[in-house]
1. Rounded, prolate or oblate: which fits segment 125-204 when a ≥ b ≥ c are the square roots of the eigenvalues of the alpha-carbon gyration tensor, with rounded for a/c under 1.5 and prolate only if a/b beats b/c?
2. Grab the Cα-Cα distance for Ser139 and Asn191, subtract it from 0.36 nm times how many residues apart they are, and report the gain in nm with one decimal.
3. Output the peptides 199-206, 125-132 sorted from most to least packed, where packing is the average of other Cβ atoms within 10 Å over each peptide's residues.
4. Of Lys179/Lys203; Lys31/Lys184; Lys203/Lys242; Lys92/Lys179, which ones are farther than 22 Å apart at the Cα?
5. Going by how many other Cβ atoms sit within 10 Å of their own, how do Val251, Val208, Val194 line up, fewest first?
Amino acid sequence: MVFLRSIINESTGGPHCEIEVLFRAAGDLPKRLGNLSAALSGQHLLQAKIYPLYAKCDAFYCALTMGQNGASMESVCQSIKEALGNDIISLKHKLVSASESAGRHEPTRYGSLDENGWATLLRSLASNFGTGAFSAICSTGLEMGSSRGIGLAQQNGCEDRFTLLMRGLDTLQGCGWGKYQLFKTGALPHNIEVRVFDNLECKAAMSVPRFENSFVRGYITGLLRSLLSDNIMVREERCIRKGDCYCSYVVE
Ligand SMILES: [Zn+2]
């Protein structure tokens, strides 16, 4: 299993540079990532986000976005070269403006309900319309996920699908639905698992019976269908409602 992305720490102003590193993981990814973080520490970076994208052959692709505070991009790149040595396949960098960087990673917030608000809404829907109401919520999520995925693909046609998937999940996270982690569970594109921590919807649905067709499951399904394959089905394998520590969505 390859860890694709951690929960984001949002961000600061100031100039950003974006560095893309393609390097061989050669079966020891933790060591390579450890070397990478050691190289980046002490560089006066305001933030560094690592977006490992996919494992392909024995290579591991990784993009970094950094906020700089007087750090020289050249010296950062030099440190990365020294840390990864012959494992580096390519190293590219460019400056991006803070607003461009923020615009790409911090989606606009729209109105949203808190946990109690959601609990009230779900109970009310269930008592008025039965569990069919949950199917409607799931379908709504599916439509929104699809439309987000299609929009992302149209705006960024040539970008890696996993990057787009993360941006789609950023939107979900940015709107307060929970914090996600994305895992690669196998070699095929759809071998992925999305974990959602502090899942707003499942917290709200703790006392709602037969709540399976959630908005989040629909959204993730729609996103994956629009970015990877039309016939993807997503199952919520683990859930805080069953006593698990997080909710886990896997492709069947
Ligand atoms: Zn859940």
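Throughout, read-outs are computed from the coordinates displayed, never taken from laboratory work. Quantities reported herein were computed from a predicted structural model and do not represent experimental measurements. When we count neighbours, we look across all protein chains shown, and the Cβ atoms used for this are built from the backbone with ideal geometry, even at glycine.
1. Judged from the Cα gyration tensor, segment 125-204 comes out prolate (a/c at least 1.5, a/b above b/c).
2. Length gained, Ser139 through Asn191: 16.4 nm.
3. Taking the mean over residues of other Cβ atoms within 10 Å, the ranking is 199-206, 125-132.
4. Numbers: Lys179/Lys203 13 Å; Lys31/Lys184 18 Å; Lys203/Lys242 11 Å; Lys92/Lys179 30 Å.
Correct reply: Lys92/Lys179.
5. Working: Val251 21, Val208 18, Val194 24.
Fewest-to-most Cβ neighbours within 10 Å comes out as Val208, Val251, Val194.
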